[in-house]
1. Just checking, does region 252-263 include any residue being within 19 Å of M163 (Cβ to Cβ) and within 20 Å of the chain's Cα centre (by Cα)?
2. Could you check region 67-105 and list, in sequence order, the residues that are away from ligand 1 (no atom under 16 Å from the Cβ) and in a strand (DSSP E or B)?
3. Scan region 82-107 and report the pairs whose first residue is at positive phi and whose second residue is away from ligand 1 (no atom under 16 Å from the Cβ), with Cβ atoms within less than 7 Å and a gap of 6+ or a chain change.
4. Being assigned to a loop (DSSP other than H, G, I, E, B), modelled with pLDDT under 95, more than 12 Å from ligand 1 (Cβ to nearest atom) and under 28 Å from P253 (Cβ atoms): is that true of G127 here?
5. Which fully enclosed strands (runs of 3 or more DSSP E) of region 158-245 have 1 or more residues being touching a Gly at 6+ places or on another chain (Cβ under 9 Å) and closer than 24 Å to E286 by Cα?
6. Give region 1-35 a look and list any residue that's surrounded by fewer than 15 Cβ atoms within 10 Å (Cβ to Cβ) and under 25 Å from the mean Cα position of the chain (by Cα), or say none.
7. Among the listed residues L195, L172, identify the single one that is at pLDDT 95 or above, away from ligand 2 (no atom under 16 Å from the Cβ) and under 30 Å from A83 (Cβ atoms).
8. Go through V120, V132 for me and flag whichever is modelled with pLDDT of 95 or more and within 16 Å of ligand 2 (Cβ to nearest atom).
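The values are calculated or read from the model by the stated rules, or taken from the named source; none is laboratory data. What you see is a predicted model; the values in this text were computed from it and never measured. All Cβ positions, even for glycine, are placed from backbone atoms using ideal geometry, and neighbour counts span all protein chains on display.
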Amino acid sequence: MKFAASDHLKDLSRRDIKVLMAIERGMYSSRRVDIDTISRISSISTDKLSFHLSRLNKFKMCEFWKGANSGYSLTVHGYDALALDWLFDHKHIQSIGRRIGVGKESQLFFALDFEGVEKVIKVHRVGLTSFVHIKKSRDYSIKGSQVNYITASASSAKREFIMLRRLHELNLSSPVPYVINRHCIIMELIVGADLFRLTDHPDPENLLDKIIEFMHQMFVQLELVHSDLSEHNIMISQPDGEPYFIDFPQTIPIDHPSATVQLRRDINNILIYFKRKFLIGGDLEEIFDYITGGLDLSEIERLRLDYEMSPTDVTYPDFPDDKFKE
Ligand SMILES: Nc1ncnc2c1ncn2[C@@H]1O[C@H](COP(=O)(O)OP(=O)(O)O)[C@@H](O)[C@H]1O
Ligand SMILES: [Mg+2]
């Protein structure tokens, strides 16, 4: 399956993009954006706007809502198109390839940069009733909670990007995060397979040690707990068999009220998997103590992590003024 928005992007003019951006901006203060507001934000006259709006409607990138609260809103495709347009325009990627995977709240595709290096684009989709439902029904509107979808997906991507960057700074083993725009992250492609697909490994004990060591480093150096760690969120690189850790939007600081519960669950998931697959194991509480370095978690109150990033690092939300000039 391909990325639908990337197919239609070539058919869009700069003005179409400008109209989408105006709707996006309008949606930060109102669920539906009337044509006068779109015209004011985009500096395109309402006469000319009708043409662009009906084209965008045809591509299922925006839609019109009748009734008391009438106006336009972006669809899933429209929001995708804005992020992709920015990534293409700023020369971060030159093309998008086939889909790598689809989760409950994300889709991943291959992407090619301008040096010919294959990367991954992870598209966060949080706050839709069910993306699977949308796929089946081919209904790409963001009903009722448009703003939720946009802000929830963008902030999930932002959280993951920050986590990946912090892990990368410490040389911990996870994909290198390159750039983020809105709800899309471009990251390093890990050539390998998910741990749960592994049929064999030359040294499973060593692999388990490395996973525990990763949790330990993440805990003591970054003061974070993954919170969704399992054989589904660890990739094993080929051919060297090294573990890479992925999927970080749910990561929490160690002073989060459920940090200990989540950490025990992460450890338990891994232990159950290794016991079933390789018949090796360990003691959950001993491993917990090792990972936490014997820290008394009930004492921790001082560690409120600040997830702020400097504005130059993050390109969300992104409304470059030059795009609004004719
Ligand atoms: N950087 C990557 N390189 C290669 N494949 C990846 C990468 N990140 C994720 N994947 C693949 O995509 C799947 C889904 O990605 P993940 O980040 O776990 O999202 P989800 O929230 O949908 O589970 C993974 O199980 C893995 O197979
Ligand atoms: Mg996952």
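1. yes
2. Within region 67-105, G71, Y72, S73, L74, S95 qualify.
3. Going by the 7 Å Cβ cut-off, the qualifying pairs are K91/F114.
4. Details: assigned to a loop (DSSP other than H, G, I, E, B): yes; modelled with pLDDT under 95: yes; more than 12 Å from ligand 1 (Cβ to nearest atom): yes; under 28 Å from P253 (Cβ atoms): yes.
For G127, the condition - assigned to a loop (DSSP other than H, G, I, E, B), modelled with pLDDT under 95, more than 12 Å from ligand 1 (Cβ to nearest atom) and under 28 Å from P253 (Cβ atoms) - is met.
5. Here the list reads 243-245.
6. M1, K2, D7, K10, Y28, S29, S30
7. Answer to the selection: L172.
8. Only one candidate passes the filter, namely V120.
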